[in-house]
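Every number in this text was worked out from the coordinates using simple rules, so none of it is lab data. Just so it is clear, the model here is predicted, and its values are computed rather than measured. Every residue, glycine as well, gets a Cβ built from its backbone with ideal geometry; the counts of neighbours run over all protein chains shown.
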């Protein structure tokens, strides 16, 4: 199963912090089906235009708890998934496949326990 790719705009100061590895989470409007293992492509947006710079990220956690998140928002945690980074995109794809297998198995176990 291939991860979904989300292309989103990101203002320059935040984009630079993500690229520098300082920022590892993003508060976003929860208007997309963000899921662990999905790819988040941030496109740098400065002064009402795209700059042409982008960074590829792998979503590692999606936080939607209404006690802590404003309604309609979520927090996405991520790691860099660009080629040449410490964890390659291929490695994340393998992890995502394992995550899907485990999730399927857990769902089957839940169904068995409910019987």
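Numbers below:
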quantity: Which of 55, 79 has the fewest Cβ neighbours within 10 Å, and the rest in rising order; calculated: 79, 55
quantity: Using alpha-carbon coordinates, inclination of helix 89-114 to the longest axis of the chain, degrees; calculated: 30 degrees
quantity: Likely footprinting exposure, 43, 61, 6, fewest C-beta neighbours within 10 Å first; calculated: 61, 43, 6
quantity: P(r) histogram, all alpha-carbon pairs of segment 5-114 included - 10 Å bins from 0, percent; calculated: 13, 39, 33, 12, 4, 0
quantity: Residue-averaged [θ]222 nm for the chain, counting only DSSP H segments that reach four residues, each worth -39500 (n - 2.57); calculated: -10500 deg cm²/dmol
quantity: Relative contact order (percent, whole number), segment 5-114, Cα cutoff 8 Å, 6+ residue spacing; calculated: 24 percent
quantity: Most mobile of 103, 80, 67 in a GNM of the chain (Cα contacts under 10 Å); calculated: 67
